[in-house]
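The values are calculated or read from the model by the stated rules, or taken from the named source; none is laboratory data. These figures come from a predicted structure and were not determined experimentally. Note that each Cβ is placed from the backbone with ideal geometry, even for glycine, and that neighbours are counted across all protein chains shown. Ligands, DNA and RNA are stripped out before the accessible areas are found, and what is left, the full protein with its side chains, is counted by its heavy atoms. Shrake-Rupley method; radii C 1.70, N 1.55, O 1.52, S 1.80 Å.
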Amino acid sequence: MVTVEPAAPAEADAVADLWVALATDGRRHGSHLRPAASRDAVRESLARHAADGGLTVARSDGELVGFVRFDVERGPLTQDCTRGVVRDLFVTPAARDDGVGTRLLDAAEAALRDRGVDVVAVEALARNADTIRFYERRGYRPHRIEFEREVENDKRPRRDR
């Protein structure tokens, strides 16, 4: 049986291990993140999100099998709506296809709705077709599209693809 509940700040270290797995998987979809080198900074962010009610975990028989990190977007620019942002959503491979991701996303959307958001934004790497399909099935549609290209310079030659 899987339970989904808010995380405690003390769980940030264990959730950081899951984040490293998420970021490591993201490398095969084109992510530039360096998972192990980013772990400490992410652990601190996870602890802050947990303290603010923006980190929810999924457990199966007491073992962490997923998490979602989310918050209300803040910034200096004025917008015509209040946006909630799902920063990370991850389910361990063994727990996938059992509705855990759906339950985690439901929990994040409900918490954000309770905080007064008008819309919820999510991100997916362009080459991660499974994640894109998951969000599309949930009714998410592209809002912004980000493009990138490598530049050649004297210090670093262009990578082969």
Using a 1.4 angstrom probe on heavy atoms only, work out the carbon and sulfur share of the accessible area of the range 2-138 in %.
48
Assuming R0 = 35 Å, can you tell me the calculated FRET efficiency for the pair ALA14 and ASP154, based on Cβ-Cβ distance, to the nearest 0.05?
0.20
Sticking with the crude label model, points 7 Å out along Cα→Cβ, report the distance from VAL72 to GLU44 in nm, one decimal please.
2.5
Taking Cα pairs under 8 Å and at least six residues apart, what relative contact order does the range 29-161 come out at, in percent?
20
Amide H neighbours of ARG96 at under 5 Å, excluding residues fewer than 5 places away on the same chain, with H built from the backbone geometry, are none
Sum of -39500 (n - 2.57) over DSSP H runs of 4+, divided by residues of the chain (222 nm, nearest 500)
-11500 deg cm²/dmol
Under the 0.36 nm per residue contour assumption, what length would be gained going from the current alpha-carbon distance of ARG138 and ASP80 to full extension?
18.6 nm
Cα extents of the chain along the principal axes, largest first, in whole Å, come to 52, 40, 30
What number comes out for the charge environment of VAL72, summing +1 per Lys or Arg and -1 per Asp or Glu over other residues with Cβ under 12 Å away?
0
Can you give the net charge of the other residues whose Cβ lies under 15 Å from the Cβ of MET1, counting K and R as +1 and D and E as -1?
-2
Size of electric dipole in the range 1-139: Cβ of Lys, Arg +1 and of Asp, Glu -1, about Cα centre, debye, nearest 20:
420
For ARG113 and ALA36 in the same chain, what is the full-extension length gain: residue separation times 0.36 nm, less their Cα-Cα distance, in nm?
24.4 nm
Between the helical axis of 12-27 and the dominant principal axis of the chain, each derived from Cα atoms, what acute angle in degrees is found, rounded to the nearest 10?
40
Just the accessible area per residue of the chain, please: how many Å² with a 1.4 Å probe?
67
Given 104-117, 126-139, 48-61, the highest-first ranking by average Cβ count within 10 Å works out to 48-61, 104-117, 126-139
The summed charge of the ALA47 Cβ neighbourhood (under 13 Å; Lys/Arg +1, Asp/Glu -1) stands at -1
